[in-house]
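The values are calculated or read from the model by the stated rules, or taken from the named source; none is laboratory data. The model shown is predicted, which means the values in this text are computed figures rather than measured ones. Cβ placement follows ideal geometry from the backbone for every residue including glycine, while neighbour counts extend to all protein chains displayed.
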Amino acid sequence: MSHTIDLLNIAPQDAPRPAGNEPRPTLIGLSRPELARTLVEAGVAERQARMRASQIWHWLYVRGVSDFAAMANISRDLRALLEEKFTIARPQIVAEQISEDGTRKWLMRFPPRGAGRPVEIETVYIPEEGRGTLCISSQVGCTLTCSFCHTGTQKLVRNLTSEEILSQLLVARDRLGDFPDAETPAGAIVPSDGRKVSNLVMMGMGEPLYNFDAVKEALLIAADGDGLSLSKRRITLSTSGVVPFIPRAGTEIGSMLAISLHAVTDELRDVLVPINKKYPLAELMQACRDYPGLSNARRITFEYVMLKGVNDSLADAKGLVRLLKGIPAKINLIPFNPWPGSNYECSDWETIERFADFVNDNGYASPIRTPRGRDILAACGQLKSESERMRKVDRMALEAMMIAGHGE
(Lines give C-alpha, C1' and ligand atoms only; values in the text may rest on other atoms or scores of the structure.)
Protein backbone atom coordinates (compact mmCIF):
# COMPACT_ATOMS: atom_id res chain seq x y z
CA MET A 1 0.00 0.00 0.00
CA SER A 2 1.22 3.50 -0.78
CA HIS A 3 0.08 4.81 2.57
CA THR A 4 -1.65 3.75 5.75
CA ILE A 5 -4.83 5.17 7.19
CA ASP A 6 -5.45 4.35 10.81
CA LEU A 7 -9.01 5.30 11.78
CA LEU A 8 -8.91 5.36 15.56
CA ASN A 9 -12.44 6.45 16.34
CA ILE A 10 -15.11 7.90 14.12
CA ALA A 11 -18.40 8.84 15.72
CA PRO A 12 -21.13 11.40 15.12
CA GLN A 13 -20.65 14.76 16.75
CA ASP A 14 -22.47 15.20 20.03
CA ALA A 15 -25.49 17.44 20.35
CA PRO A 16 -24.99 20.81 22.07
CA ARG A 17 -24.58 20.47 25.81
CA PRO A 18 -27.36 21.92 27.94
CA ALA A 19 -26.57 25.05 29.93
CA GLY A 20 -25.13 24.32 33.36
CA ASN A 21 -23.38 21.14 32.23
CA GLU A 22 -19.99 22.68 31.52
CA PRO A 23 -16.94 20.39 31.35
CA ARG A 24 -14.24 20.73 34.00
CA PRO A 25 -11.81 23.53 33.16
CA THR A 26 -8.40 22.50 31.91
CA LEU A 27 -5.03 23.34 33.43
CA ILE A 28 -3.29 23.07 30.06
CA GLY A 29 -2.52 26.40 28.44
CA LEU A 30 -2.35 28.45 31.65
CA SER A 31 0.74 30.51 32.40
CA ARG A 32 2.55 29.74 35.66
CA PRO A 33 0.94 32.71 37.51
CA GLU A 34 -2.49 31.72 36.15
CA LEU A 35 -1.93 28.13 37.25
CA ALA A 36 -0.98 29.22 40.78
CA ARG A 37 -4.03 31.52 41.02
CA THR A 38 -6.29 28.73 39.79
CA LEU A 39 -4.97 26.39 42.50
CA VAL A 40 -5.61 29.00 45.20
CA GLU A 41 -9.17 29.47 43.93
CA ALA A 42 -9.61 25.69 44.14
CA GLY A 43 -8.60 25.64 47.81
CA VAL A 44 -4.82 25.14 47.75
CA ALA A 45 -3.08 27.23 50.43
CA GLU A 46 -1.57 30.35 48.91
CA ARG A 47 1.85 29.65 50.46
CA GLN A 48 1.93 26.27 48.65
CA ALA A 49 0.35 27.27 45.36
CA ARG A 50 3.53 28.41 43.62
CA MET A 51 5.39 25.20 44.49
CA ARG A 52 2.43 23.03 43.47
CA ALA A 53 2.07 24.96 40.22
CA SER A 54 5.74 24.28 39.46
CA GLN A 55 5.26 20.56 40.13
CA ILE A 56 2.17 20.36 37.94
CA TRP A 57 3.94 22.33 35.18
CA HIS A 58 6.76 19.77 35.20
CA TRP A 59 4.34 16.85 34.94
CA LEU A 60 2.37 18.48 32.11
CA TYR A 61 5.18 19.77 29.92
CA VAL A 62 8.30 17.78 30.80
CA ARG A 63 6.87 14.37 31.59
CA GLY A 64 3.80 14.77 29.36
CA VAL A 65 1.25 13.13 31.66
CA SER A 66 -2.47 13.37 30.93
CA ASP A 67 -3.72 11.87 34.20
CA PHE A 68 -3.42 13.48 37.63
CA ALA A 69 -2.86 10.02 39.14
CA ALA A 70 0.56 9.91 37.44
CA MET A 71 1.83 12.95 39.38
CA ALA A 72 3.79 10.87 41.87
CA ASN A 73 5.24 13.66 44.04
CA ILE A 74 1.87 15.30 44.68
CA SER A 75 -0.17 14.13 47.66
CA ARG A 76 -3.10 11.81 47.16
CA ASP A 77 -5.52 14.38 48.59
CA LEU A 78 -4.36 17.09 46.20
CA ARG A 79 -4.52 14.72 43.25
CA ALA A 80 -8.11 13.89 44.22
CA LEU A 81 -8.93 17.60 44.40
CA LEU A 82 -7.38 18.23 41.00
CA GLU A 83 -9.26 15.31 39.48
CA GLU A 84 -12.54 16.59 40.91
CA LYS A 85 -12.17 20.17 39.68
CA PHE A 86 -9.98 20.09 36.56
CA THR A 87 -8.93 18.09 33.54
CA ILE A 88 -5.67 17.60 31.66
CA ALA A 89 -7.11 15.15 29.13
CA ARG A 90 -6.01 15.18 25.51
CA PRO A 91 -8.46 15.87 22.68
CA GLN A 92 -9.96 12.87 20.93
CA ILE A 93 -8.05 11.61 17.90
CA VAL A 94 -10.74 10.97 15.32
CA ALA A 95 -8.33 9.76 12.66
CA GLU A 96 -4.63 9.35 12.04
CA GLN A 97 -3.31 9.11 8.50
CA ILE A 98 0.25 8.19 7.58
CA SER A 99 1.56 9.19 4.17
CA GLU A 100 3.82 7.03 2.06
CA ASP A 101 6.56 9.62 2.73
CA GLY A 102 6.16 9.36 6.53
CA THR A 103 4.11 12.54 6.99
CA ARG A 104 1.36 12.12 9.59
CA LYS A 105 -1.95 13.94 9.80
CA TRP A 106 -4.25 13.87 12.81
CA LEU A 107 -7.88 14.90 12.85
CA MET A 108 -8.56 15.99 16.45
CA ARG A 109 -11.88 16.66 18.11
CA PHE A 110 -12.24 19.10 20.99
CA PRO A 111 -15.24 19.01 23.35
CA PRO A 112 -18.01 21.63 23.25
CA ARG A 113 -17.53 25.07 24.75
CA GLY A 114 -20.68 26.53 26.32
CA ALA A 115 -23.72 25.49 24.29
CA GLY A 116 -21.63 24.88 21.17
CA ARG A 117 -20.76 21.65 19.43
CA PRO A 118 -17.48 19.75 19.38
CA VAL A 119 -15.02 21.11 16.82
CA GLU A 120 -12.39 19.40 14.73
CA ILE A 121 -9.04 20.51 13.33
CA GLU A 122 -6.10 18.97 11.51
CA THR A 123 -2.46 18.86 12.60
CA VAL A 124 0.44 17.63 10.47
CA TYR A 125 3.85 16.19 11.40
CA ILE A 126 6.61 16.23 8.76
CA PRO A 127 9.72 14.11 9.50
CA GLU A 128 12.90 15.29 7.79
CA GLU A 129 16.60 14.52 7.98
CA GLY A 130 17.81 15.85 11.32
CA ARG A 131 14.53 17.41 12.41
CA GLY A 132 10.77 17.00 12.66
CA THR A 133 8.30 19.82 12.02
CA LEU A 134 4.82 20.04 13.50
CA CYS A 135 2.31 22.22 11.65
CA ILE A 136 -0.45 23.29 14.03
CA SER A 137 -3.77 25.10 13.61
CA SER A 138 -5.00 28.26 15.32
CA GLN A 139 -8.64 28.36 14.20
CA VAL A 140 -11.41 26.00 13.17
CA GLY A 141 -11.79 27.01 9.55
CA CYS A 142 -10.63 30.39 8.28
CA THR A 143 -12.01 33.81 7.33
CA LEU A 144 -9.45 34.70 4.66
CA THR A 145 -10.76 32.74 1.63
CA CYS A 146 -7.41 32.62 -0.16
CA SER A 147 -8.42 31.30 -3.56
CA PHE A 148 -5.73 28.58 -3.82
CA CYS A 149 -6.16 27.23 -0.27
CA HIS A 150 -8.39 24.31 0.71
CA THR A 151 -8.76 25.55 4.30
CA GLY A 152 -10.21 28.79 2.95
CA THR A 153 -13.23 26.88 1.64
CA GLN A 154 -14.22 26.01 5.22
CA LYS A 155 -15.97 28.86 7.00
CA LEU A 156 -14.61 30.01 10.34
CA VAL A 157 -16.29 28.22 13.23
CA ARG A 158 -14.29 29.73 16.09
CA ASN A 159 -10.85 30.51 17.44
CA LEU A 160 -8.97 27.78 19.25
CA THR A 161 -8.04 28.36 22.89
CA SER A 162 -4.45 28.35 24.09
CA GLU A 163 -5.11 24.88 25.53
CA GLU A 164 -6.39 23.59 22.17
CA ILE A 165 -3.40 25.02 20.31
CA LEU A 166 -0.93 23.58 22.81
CA SER A 167 -2.73 20.22 22.96
CA GLN A 168 -1.85 19.60 19.32
CA LEU A 169 1.82 19.58 20.31
CA LEU A 170 1.12 17.34 23.31
CA VAL A 171 -0.83 14.85 21.19
CA ALA A 172 1.93 14.74 18.57
CA ARG A 173 4.55 14.06 21.23
CA ASP A 174 2.33 11.33 22.69
CA ARG A 175 1.86 9.61 19.34
CA LEU A 176 5.54 9.91 18.39
CA GLY A 177 6.90 8.77 21.76
CA ASP A 178 8.46 12.18 22.27
CA PHE A 179 7.98 12.41 26.02
CA PRO A 180 10.29 10.61 28.47
CA ASP A 181 8.82 7.22 29.30
CA ALA A 182 8.36 5.76 32.76
CA GLU A 183 11.87 4.27 32.68
CA THR A 184 13.56 7.60 31.92
CA PRO A 185 15.21 9.27 34.93
CA ALA A 186 12.99 11.94 36.46
CA GLY A 187 15.43 14.73 35.62
CA ALA A 188 15.50 14.00 31.88
CA ILE A 189 13.61 16.34 29.59
CA VAL A 190 13.74 14.42 26.30
CA PRO A 191 13.52 10.74 25.35
CA SER A 192 16.76 8.80 25.27
CA ASP A 193 16.79 8.64 21.45
CA GLY A 194 16.32 12.40 20.93
CA ARG A 195 13.41 14.69 20.20
CA LYS A 196 11.19 14.00 17.20
CA VAL A 197 9.29 17.33 17.23
CA SER A 198 12.08 19.88 16.98
CA ASN A 199 10.32 22.63 15.02
CA LEU A 200 6.88 24.20 15.34
CA VAL A 201 5.11 26.16 12.61
CA MET A 202 1.83 28.02 12.93
CA MET A 203 0.85 27.18 9.37
CA GLY A 204 -2.19 24.96 9.86
CA MET A 205 -5.83 25.94 9.70
CA GLY A 206 -6.64 29.60 10.34
CA GLU A 207 -4.88 32.96 10.55
CA PRO A 208 -2.79 33.01 13.76
CA LEU A 209 -2.79 36.79 14.14
CA TYR A 210 -6.60 36.84 14.19
CA ASN A 211 -6.31 34.73 17.34
CA PHE A 212 -3.35 36.61 18.77
CA ASP A 213 -3.81 36.22 22.53
CA ALA A 214 -4.36 32.45 22.49
CA VAL A 215 -1.51 31.90 20.02
CA LYS A 216 0.80 34.03 22.14
CA GLU A 217 -0.04 32.13 25.34
CA ALA A 218 0.45 28.75 23.67
CA LEU A 219 3.75 29.63 21.98
CA LEU A 220 5.25 31.15 25.12
CA ILE A 221 4.50 27.90 26.96
CA ALA A 222 5.96 25.88 24.07
CA ALA A 223 9.16 27.94 24.30
CA ASP A 224 9.45 27.83 28.11
CA GLY A 225 12.86 26.45 29.05
CA ASP A 226 11.50 24.55 32.05
CA GLY A 227 8.84 22.76 30.04
CA LEU A 228 8.40 21.93 26.37
CA SER A 229 11.58 23.94 25.73
CA LEU A 230 11.39 24.65 22.01
CA SER A 231 13.77 27.38 20.88
CA LYS A 232 12.01 30.50 19.60
CA ARG A 233 14.23 30.21 16.54
CA ARG A 234 12.53 26.88 15.86
CA ILE A 235 9.04 28.35 16.16
CA THR A 236 7.63 30.10 13.09
CA LEU A 237 4.41 32.06 12.96
CA SER A 238 2.95 32.44 9.47
CA THR A 239 0.52 35.22 8.61
CA SER A 240 -1.26 36.26 5.45
CA GLY A 241 -0.54 39.85 6.38
CA VAL A 242 -2.50 41.13 9.40
CA VAL A 243 -0.28 44.19 9.54
CA PRO A 244 -1.29 45.69 12.93
CA PHE A 245 -0.33 42.51 14.81
CA ILE A 246 3.03 41.88 13.11
CA PRO A 247 5.07 44.16 15.41
CA ARG A 248 3.29 42.72 18.45
CA ALA A 249 4.22 39.21 17.32
CA GLY A 250 7.87 40.22 17.21
CA THR A 251 7.84 42.00 20.56
CA GLU A 252 5.53 39.78 22.62
CA ILE A 253 6.15 36.32 21.11
CA GLY A 254 9.60 36.65 19.56
CA SER A 255 9.20 33.76 17.13
CA MET A 256 10.41 33.63 13.55
CA LEU A 257 8.03 35.22 11.04
CA ALA A 258 6.72 33.88 7.75
CA ILE A 259 4.59 35.84 5.31
CA SER A 260 2.12 34.08 3.02
CA LEU A 261 2.89 36.30 0.01
CA HIS A 262 2.13 34.53 -3.30
CA ALA A 263 1.97 37.64 -5.50
CA VAL A 264 4.07 40.75 -6.14
CA THR A 265 1.33 43.13 -7.27
CA ASP A 266 -1.71 44.34 -5.34
CA GLU A 267 -3.93 43.51 -8.32
CA LEU A 268 -3.06 39.80 -8.23
CA ARG A 269 -2.68 39.51 -4.47
CA ASP A 270 -6.20 40.96 -4.01
CA VAL A 271 -7.42 37.83 -5.81
CA LEU A 272 -5.11 35.22 -4.32
CA VAL A 273 -4.94 36.62 -0.76
CA PRO A 274 -7.99 38.89 -0.30
CA ILE A 275 -6.76 40.36 3.00
CA ASN A 276 -4.45 42.37 0.73
CA LYS A 277 -7.39 44.68 0.03
CA LYS A 278 -7.25 45.73 3.68
CA TYR A 279 -3.48 45.66 4.13
CA PRO A 280 -1.83 46.20 0.72
CA LEU A 281 1.71 45.26 -0.15
CA ALA A 282 3.30 48.60 0.70
CA GLU A 283 1.99 48.40 4.30
CA LEU A 284 2.91 44.74 4.61
CA MET A 285 6.47 45.27 3.39
CA GLN A 286 6.97 48.17 5.77
CA ALA A 287 5.79 46.02 8.69
CA CYS A 288 8.32 43.40 7.61
CA ARG A 289 11.15 45.94 7.45
CA ASP A 290 10.23 47.09 10.96
CA TYR A 291 9.87 43.58 12.44
CA PRO A 292 11.57 43.50 15.88
CA GLY A 293 14.82 41.56 15.88
CA LEU A 294 15.06 41.34 12.10
CA SER A 295 18.61 40.55 10.94
CA ASN A 296 20.51 38.27 8.60
CA ALA A 297 20.43 35.69 11.40
CA ARG A 298 16.67 36.15 11.87
CA ARG A 299 15.35 36.44 8.36
CA ILE A 300 11.69 36.58 7.39
CA THR A 301 10.47 33.67 5.28
CA PHE A 302 8.21 34.57 2.37
CA GLU A 303 5.98 31.75 1.17
CA TYR A 304 5.20 31.76 -2.53
CA VAL A 305 2.94 29.11 -4.04
CA MET A 306 3.72 28.42 -7.69
CA LEU A 307 0.56 28.66 -9.80
CA LYS A 308 0.81 27.81 -13.48
CA GLY A 309 0.35 30.85 -15.69
CA VAL A 310 -0.69 33.01 -12.73
CA ASN A 311 2.36 34.13 -10.74
CA ASP A 312 5.28 32.12 -12.10
CA SER A 313 6.73 34.27 -14.90
CA LEU A 314 10.20 35.75 -15.03
CA ALA A 315 8.54 39.16 -14.64
CA ASP A 316 7.03 37.92 -11.37
CA ALA A 317 10.47 36.77 -10.20
CA LYS A 318 11.93 40.19 -10.99
CA GLY A 319 9.04 41.86 -9.16
CA LEU A 320 9.65 39.66 -6.13
CA VAL A 321 13.30 40.69 -5.94
CA ARG A 322 12.32 44.36 -6.18
CA LEU A 323 9.60 43.98 -3.55
CA LEU A 324 11.92 42.41 -0.97
CA LYS A 325 14.84 44.78 -1.48
CA GLY A 326 16.46 45.57 1.85
CA ILE A 327 14.63 42.87 3.82
CA PRO A 328 16.71 39.96 5.20
CA ALA A 329 14.63 37.20 3.67
CA LYS A 330 14.32 33.66 2.42
CA ILE A 331 11.71 32.67 -0.17
CA ASN A 332 10.06 29.27 0.08
CA LEU A 333 8.77 28.31 -3.36
CA ILE A 334 5.84 25.95 -2.89
CA PRO A 335 4.64 23.80 -5.79
CA PHE A 336 0.85 24.12 -5.74
CA ASN A 337 -0.79 21.16 -4.01
CA PRO A 338 -4.09 20.35 -5.73
CA TRP A 339 -7.26 19.62 -3.80
CA PRO A 340 -10.78 18.59 -4.90
CA GLY A 341 -12.45 21.52 -6.65
CA SER A 342 -9.37 23.75 -6.94
CA ASN A 343 -9.16 26.01 -9.99
CA TYR A 344 -5.37 26.18 -10.23
CA GLU A 345 -2.58 23.99 -11.57
CA CYS A 346 0.97 23.63 -10.35
CA SER A 347 3.64 25.38 -12.40
CA ASP A 348 5.82 23.17 -14.57
CA TRP A 349 8.98 22.04 -12.83
CA GLU A 350 11.23 23.79 -15.35
CA THR A 351 9.33 27.04 -14.72
CA ILE A 352 9.76 26.67 -10.95
CA GLU A 353 13.50 26.01 -11.31
CA ARG A 354 13.95 29.00 -13.63
CA PHE A 355 12.08 31.20 -11.12
CA ALA A 356 14.22 29.88 -8.24
CA ASP A 357 17.48 30.37 -10.17
CA PHE A 358 16.68 34.02 -10.86
CA VAL A 359 15.81 34.76 -7.24
CA ASN A 360 18.93 32.91 -6.04
CA ASP A 361 21.14 34.78 -8.48
CA ASN A 362 19.83 38.03 -6.99
CA GLY A 363 20.92 37.17 -3.48
CA TYR A 364 17.89 35.47 -1.91
CA ALA A 365 17.83 31.83 -0.87
CA SER A 366 14.83 30.31 -2.62
CA PRO A 367 14.52 26.60 -1.85
CA ILE A 368 11.78 24.69 -3.62
CA ARG A 369 9.74 23.01 -0.94
CA THR A 370 9.36 19.29 -1.53
CA PRO A 371 5.65 18.44 -1.38
CA ARG A 372 4.95 16.19 1.59
CA GLY A 373 1.83 14.24 2.47
CA ARG A 374 -0.04 14.97 -0.75
CA ASP A 375 -1.60 11.52 -0.78
CA ILE A 376 -3.39 12.24 2.52
CA LEU A 377 -4.17 15.93 1.77
CA ALA A 378 -1.61 17.00 4.37
CA ALA A 379 0.49 19.28 2.16
CA CYS A 380 0.60 23.08 2.31
CA GLY A 381 -2.84 24.56 1.57
CA GLN A 382 -4.66 21.24 1.73
CA LEU A 383 -5.84 21.14 5.36
CA LYS A 384 -9.56 21.05 6.03
CA SER A 385 -11.68 19.21 8.60
CA GLU A 386 -12.94 16.38 6.42
CA SER A 387 -14.86 14.68 9.22
CA GLU A 388 -18.27 14.86 7.54
CA ARG A 389 -16.92 13.16 4.42
CA MET A 390 -15.05 10.61 6.51
CA ARG A 391 -18.11 9.81 8.61
CA LYS A 392 -20.14 9.31 5.45
CA VAL A 393 -17.51 6.95 4.05
CA ASP A 394 -17.32 5.11 7.38
CA ARG A 395 -21.13 4.72 7.59
CA MET A 396 -21.21 3.38 4.03
CA ALA A 397 -18.48 0.85 4.88
CA LEU A 398 -20.33 -0.19 8.03
CA GLU A 399 -23.60 -0.62 6.11
CA ALA A 400 -21.81 -2.71 3.49
CA MET A 401 -20.35 -4.93 6.20
CA MET A 402 -23.77 -5.39 7.77
CA ILE A 403 -25.34 -6.28 4.43
CA ALA A 404 -22.55 -8.76 3.71
CA GLY A 405 -23.03 -10.28 7.17
CA HIS A 406 -26.74 -10.77 6.65
CA GLY A 407 -26.05 -12.44 3.32
CA GLU A 408 -23.88 -15.18 4.79
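Take the residues in the stretch 194-227 that are at pLDDT below 95 and closer than 22 Å to SER54 by Cα, then tell me which one is surrounded by the most Cβ atoms within 10 Å (Cβ to Cβ).
The residue in question is GLY227.
For ASN360, all conditions in the list (1) closer than 15 Å to LEU307 by Cβ; (2) outside any loop (DSSP other than H, G, I, E, B) hold save one; what is the number of the exception?
Status for ASN360: all satisfied but (1).
Answer yes if at least one residue in the stretch 268-285 is surrounded by fewer than 21 Cβ atoms within 10 Å (Cβ to Cβ), in contact with a strand residue (DSSP E or B) (Cβ under 7 Å, 6 or more places away or on another chain) and not hydroxyl-bearing (Ser, Thr, Tyr), and no otherwise.
No, there is no match, as no residue in the stretch 268-285 is surrounded by fewer than 21 Cβ atoms within 10 Å (Cβ to Cβ), in contact with a strand residue (DSSP E or B) (Cβ under 7 Å, 6 or more places away or on another chain) and not hydroxyl-bearing (Ser, Thr, Tyr).
Quick grid of which residues meet (1) modelled with pLDDT of 90 or more; (2) under 30 Å from PHE336 (Cα atoms); (3) surrounded by fewer than 17 Cβ atoms within 10 Å (Cβ to Cβ):
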| site | (1), (2), (3) |
| --- | --- |
| ALA69 | yes, no, yes |
| SER75 | yes, no, yes |
| ILE93 | yes, yes, no |
| SER99 | no, yes, no |
| ARG109 | yes, yes, no |
| CYS146 | no, yes, no |
| GLU163 | yes, no, no |
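Restricting to the stretch 127-137, give me the number of residues that are in contact with a Gly (Cβ under 8 Å, 6 or more places away or on another chain), surrounded by 19 or more Cβ atoms within 10 Å (Cβ to Cβ) and closer than 18 Å to ARG234 by Cβ.
2
Return yes or no: is ALA36 out of contact with any Phe, Trp or Tyr (no Cβ under 9 Å at 6 or more places or on another chain) and more than 24 Å from ARG195 (Cα to Cα)?
When the stated conditions are applied, ALA36 passes them.
Could you check how many residues of the stretch 33-51 are crowded, with 18+ Cβ neighbours inside 10 Å and part of a loop (DSSP other than H, G, I, E, B)?
1
With the requirement that a residue be among the charged types (D, E, K, R) and under 16 Å from SER260 (Cα atoms), what does the stretch 309-354 give you?
ASP312, ASP316, LYS330
Output the number of the condition that SER54 fails; it satisfies all remaining conditions of (1) farther than 21 Å from ALA222 by Cβ; (2) among the hydroxyl-bearing types (Ser, Thr, Tyr); (3) surrounded by fewer than 15 Cβ atoms within 10 Å (Cβ to Cβ).
Here SER54 clears every test but (1).
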